[in-house]
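A short worksheet on the structure shown next.
The values are calculated or read from the model by the stated rules, or taken from the named source; none is laboratory data. Keep in mind the model is a prediction, meaning the values are calculated, not measured. Every residue, glycine among them, receives a Cβ derived from its backbone with ideal geometry; neighbour counts consider all protein chains shown. Accessible surface is based on the protein model in full, side chains and every heavy atom, while ligands, DNA and RNA are left aside. Shrake-Rupley method; radii C 1.70, N 1.55, O 1.52, S 1.80 Å.
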2 protein chains.
Amino acid sequence: MQTRDLEYRCDEVTLRGHLVWDETIATPRPGVAVFHEGTGLGDFAMERARMVAGLGYVALAADMYGDRRQARNLQEVATVVGGLRAEPEKLRARGRAALGALAGLPQVDASRVAAIGFCFGGSVVLELARAGADLKAVVSFHGGLATRIPAGPGEVKASVLVCTGADDPLAPPDQVAAFEEEMRTAQVRDWQVISYGNTLHGFTNPAADGSMMRTALYNEQSDRRAWAAMKGLFDEVLA
Amino acid sequence: MQTRDLEYRCDEVTLRGHLVWDETIATPRPGVAVFHEGTGLGDFAMERARMVAGLGYVALAADMYGDRRQARNLQEVATVVGGLRAEPEKLRARGRAALGALAGLPQVDASRVAAIGFCFGGSVVLELARAGADLKAVVSFHGGLATRIPAGPGEVKASVLVCTGADDPLAPPDQVAAFEEEMRTAQVRDWQVISYGNTLHGFTNPAADGSMMRTALYNEQSDRRAWAAMKGLFDEVLA
């Protein structure tokens, strides 16, 4: 497996992603962008990119903050995430920049690109779907589901899969219900929501032990099931 | 693959199930009871039993009505389903009788039994879970999720998987939300709900073409996904 940094730009900001691909595959293959959680592009998103590359895709762990900036505590996360979420067009442009950088690589089949995201990154991929990005699929793992710019009828091209913890205080039942209603109203061609019982925020991240955020906790079973659901969807739409 | 009728009793009623198993497997294996939709035990549930047996389990398509009675139109379905749902203890006893008949077979490992159900049958397997039946898992496909006897704390032993159509008028969003709250309150150890967009009632049944019930319609994609989710759960809990 090969890895390298991949720099790309969005307006004045230099973003530094992490690319992973299996160099023994000779032909162009689907690309998958991996969007990090609120703390910034770090070990967790890179590990997921490696896992995605292990499935035979070219994986780009994107950088949404610029210069791979890290948010080191909850307050910093709230500031930087809040700033981007308050400007959804800017957030969407940053996400699109990653998709463009990925799709432009010679080893990527630009007609078959998907995006996955965790926590904040889950919100990002849903924003990209709402914006009509040319994606085969988006998968949100414990992402926030609310938006300032709901999808309009027929605008979403991607198959949408939401994997959410039934006890996640950042995606409470009312928000899940509103999201499903948004999908209906927008006549999204293909969407599904999986709600995992006894599951909090951040359930895919083994480092989520409740210390940074009391309500973010790893759940090995739900993590495994959500990853399998993602693989199932990719088998359908990226083949 | 072998098939035969299997008669069993519940109180005064003789129930005639349909058993399917792979006779080339020598050792006792898990058993899966398959509960039919409101029309009664017919081709659809038997075909699903055959598919379950193809996964290596002993499958019993149960008879919930007695003498394999059929409900030939919506009115008959409403009468017989309504009658049983009004008497949940009777419904549970009938379901338990099927589980007992299945678990008592020499080719079945009685410690590893699961139950799946479709439409009305989905409601049946959820009632069995609520009743604390000794099941490894229950899977409801487009079943009604409401109950007269909500599960009490710690009573549910089975892993619970609900596969529901996001546009199913028989399991509307409020009912799904109430079910999830029931699972939380009852501290069910393992539960998950999958909501499939653009999916109506009866989505697993190729014969559901809207003619008997306008809002029951086959959805090949959601059917495939739900079956895969069931297989994933069985791989976890019946292995």
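At 20 angstrom or more along the helix axis (alpha-carbon based) and mean Kyte-Doolittle of -0.5 or higher, what helices does chain A contain? Whole DSSP H runs only.
Values: long enough: A:88-103 (22 Å, -0.18); A:220-237 (26 Å, -0.80).
Flagged H segments are A:88-103.
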Two-decimal log10 I(q)/I(0) for the range A:86-185, as the Debye equation yields it once each C-alpha is a single scatterer, q = 0.20 Å⁻¹: -0.97
Label distances, nm, B:Lys90 versus same residue in remaining copies, Cβ-directed 7 Å point: 6.6
10 Å binning of all Cα-Cα separations within the protein assembly as shown, expressed as whole percents from 0 upward: 4, 20, 28, 22, 15, 8, 2, 0
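Please list A:3-13, A:106-116 highest first by mean number of surrounding beta-carbon atoms within 10 Å per residue.
Numbers: A:3-13: 13.5, A:106-116: 19.5.
Listed from highest to lowest mean packing, they are A:106-116, A:3-13.
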Geometric extent, Cα atoms of the range B:30-149 - Rg, Dmax (angstrom): 13.2, 40
Links that overshoot a 20 Å alpha carbon limit, given the list A:Lys136/A:Lys231; A:Lys231/B:Lys231; A:Lys90/A:Lys231: A:Lys90/A:Lys231
Axis-nearest residue in chain B [Cβ, rotation onto A], distance in whole Å: B:Ile194, 2
Carbon plus sulfur fraction of accessible area for the protein assembly as shown, probe 1.4 Å, in percent: 51 percent
Under Karplus coefficients 6.51, -1.76 and 1.60, residue-wise ³J(HN,Hα) of the range B:17-25 in Hz, glycine/proline x: x, 10, 9, 9, 7, 8, 6, 7, 8
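What per residue convex hull volume, in Å³, comes out for the range A:20-63 when only alpha-carbon positions are used? Each step should come with its number before you reach the end.
Values: hull volume 2.5 nm³, N = 44.
In the range A:20-63, the Cα convex hull volume per residue is 56 Å³.
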Among B:20-29, B:199-208, the order from most to least packed when residues are scored by Cβ within 10 Å on average: B:199-208, B:20-29
The range B:157-171 and the range B:100-119: distance between their alpha carbon centers, rounded to Å: 21 Å
Using a 7 Å Cα-to-Cβ projection, B:Ala26 label spacings across copies, nm, ascending: 4.7
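What average count of beta carbons from other chains do you get within 10 Å of the Cβ of residues in A:163-172?
On the way: counts 2, 0, 0, 7, 2, 0, 0, 0, 0, 0.
Other-chain Cβ atoms within 10 Å of each residue's Cβ, averaged: 1.
Can you give the local net charge around A:Asp43? Use residues other than it whose beta-carbon is closer than 13 angstrom to its beta-carbon, Lys and Arg +1, Asp and Glu -1. Intermediate values should be presented prior to the final figure.
Details: positive: A:Arg48, A:Arg50, A:Arg68; negative: A:Glu37, A:Glu47.
Surrounding charge for A:Asp43 is +1.
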Residues whose placed amide H lies under 5 Å from that of B:Asn205, excluding near-sequence neighbours: B:Asn219
Inter-copy separations for B:Lys231, label at 7 Å along Cα-Cβ, nm, ascending: 1.2
